[in-house]
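Visitor: Handing you a structure now.
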Amino acid sequence: MLPPATRDEFGQLTGAFVMLIDICRSQWNELRRLDHFRREGVSNLSHDLRSPLTATTACLETLDGRWAADPARADDRRLVEIALRNTRNAARLVQSLGDLAKLDEPEFKLRPELVDAGELIDDICIRFAERTAQQNVALSAEHDADAPAPFAALDIELFERAVANLVDNALKFCPPGAQIVLSARRAGGRVEVSVADTGPGISAADLPQLFDRFYQSRTSAAPATGEGGKGLGLAIVKRIAELHAGTVTVASEAGAGTKVVLSVPAAAP
């Protein structure tokens, strides 16, 4: 609370503070308005683009199916495959933009449930089993039977997506014969869920910006950031961790693999 204005130098100072506060309040309200406009615009654009992209994907898949048995259409099929791959990438990007806009909403609320994070990583291993087998990458879940069960209050759908994004990210650059290990453990008052791989690792220059939105590594050693490689997959992971009052950290060296850890508050079973 500022003192009442007077005619001396203290009154002038008070008036200057009042003016500064009014300017800051006005700029803050304008920033909030612009941020709301940005989120609403991105959300609407994402919604409007999904239908045509879905229809385009369906048409391309139909053409590819029709020409599959016709050797004369081999060149056409290669063009369709390129178009289909890029359309799917665009659809994933649009979906991710909409998801980030939704997660950024001040009104967005989690739907937390008491969950054993160890069971959650088992489910994710099952989900990725076919893909990892096709890529000849070993995926496993690591459990410590002697440690307390890693219970936490999680929005299951969102947290599974965060961990799945990390696994997907590792798979993009892990060569055949690599390993990906998921683990969930209780560490004091926290539950730590980690995704560790024996892939090519990440250069030190890329680590500080790894979870920034739209950041793309300029080096081949860094893993793609998921969601079509447009730097949104790991940004979504970071936002989901923040919504759970958690953090996400990464430890990696070029040529020595990567380990990403999601840390959230533990909960009593």
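The values are calculated or read from the model by the stated rules, or taken from the named source; none is laboratory data. Predicted model, so just to flag it, every value in this text is computed and none were measured. A quick note on method: Cβ atoms are made from the backbone with ideal geometry, for glycine too, and the neighbour counts reach across all protein chains shown. Heads up: the accessible areas ignore ligands, DNA and RNA and are worked out on the full protein's heavy atoms, side chains in. Shrake-Rupley method; radii C 1.70, N 1.55, O 1.52, S 1.80 Å.
Visitor: Can you give the convex hull volume of the alpha carbon atoms of the chain per residue, in Å³?
Guide: Details: hull volume 53.8 nm³, N = 269.
Expressed per residue, the convex hull around the Cα atoms of the chain is 200 Å³.
Visitor: Please give, to one decimal in nm, the separation of the simple spin-label points placed at GLU40 and ALA129, each 7 Å out from Cα toward the Cβ.
Guide: So the label points at GLU40 and ALA129 sit 4.7 nm apart.
Visitor: At 0.36 nm per residue, minus the direct Cα-Cα distance, what do ARG78 and PHE108 gain on full extension? Give it in nm, one decimal, please.
Guide: Working: separation 30, 0.36 × 30 = 10.80 nm, distance 4.27 nm.
That works out to 6.5 nm of additional length.
Visitor: Give, as ranges by residue number, the residues of segment 237-269 whose backbone N falls under 20 Å from the point 7 Å along Cα→Cβ of ASP212.
Guide: The answer is 237-242, 248-254, whose backbone nitrogens lie closer than 20 Å to the label point.
Visitor: If r is the Cβ-Cβ distance from ARG88 to ALA187 and R0 is 35 Å, what FRET efficiency results, to the nearest 0.05?
Guide: Here the calculated transfer efficiency is 0.35.
Visitor: Go through 115-125, 201-211 and give me the packing order, highest mean Cβ count within 10 Å leading.
Guide: Values: 115-125: 18.8, 201-211: 17.2.
By packing density, highest mean first, the sequence is 115-125, 201-211.
Visitor: Once a ≥ b ≥ c are taken as the square roots of the eigenvalues of the Cα gyration tensor of segment 76-127, is the result rounded (a/c under 1.5), prolate (a/b larger than b/c) or oblate (a/b not larger than b/c)?
Guide: Values: a/c = 6.99, a/b = 1.57, b/c = 4.44.
It is oblate, given that a/c is not under 1.5 and a/b is not larger than b/c.
Visitor: For the chain, give the magnitude of the charge dipole about the Cα centre (Cβ charges: +1 Lys/Arg, -1 Asp/Glu; no others), in debye to the nearest 20. Kindly include the intermediate steps, with their values, before the conclusion.
Guide: Details: 30 positive and 37 negative charges, 124 e Å.
That gives the chain a dipole magnitude of about 600 debye.
Visitor: Same structure again: Springs between alpha-carbon pairs under 10 angstrom, Gaussian network model over the chain: which of ILE236, ILE126, ILE180 fluctuates most?
Guide: Most flexible of the set in this elastic network: ILE126.
Visitor: In whole Hz, what ³J(HN,Hα) sequence does segment 75-83 give by Karplus (6.51, -1.76, 1.60; θ = phi - 60°), x for Gly and Pro?
Guide: Each residue of segment 75-83 in turn: 5, 5, 5, 5, 5, 5, 4, 5, 5 Hz.
Visitor: Shifting gears a bit: Place +1 on the Cβ of every Lys and Arg and -1 on the Cβ of every Asp and Glu in the chain, take the dipole about the Cα centre, and give the residue among ALA83, PHE211, THR198 whose Cα lies farthest towards its positive end.
Guide: ALA83
Visitor: For the chain, with a Gaussian network of springs between Cα atoms less than 10 Å apart, report the residue from LEU20, LEU97, LEU158 with the top mean-square fluctuation.
Guide: Comparing LEU20, LEU97, LEU158 in a Gaussian network model of the chain, the most mobile one is LEU20.
Visitor: Along the three principal axes, how long is segment 17-168 when you take its alpha carbons, biggest first, rounded to the nearest angstrom?
Guide: Computed over segment 17-168, the largest-to-smallest principal extents equal 78, 51, 21 Å.
Visitor: With +1 on each Lys and Arg Cβ and -1 on each Asp and Glu Cβ, how big is the dipole of segment 113-164 about its Cα centre, in debye rounded to the nearest 20? Walk me through the intermediate numbers first.
Guide: Values: 3 positive and 12 negative charges, 66 e Å.
I would put it at about 320 debye.
Visitor: Rank these by accessible area, largest first, 1.4 Å probe: PHE10, PHE151, PHE17.
Guide: Numbers: PHE10 135, PHE151 50, PHE17 100 Å².
Ranked from most to least accessible, the order is PHE10, PHE17, PHE151.
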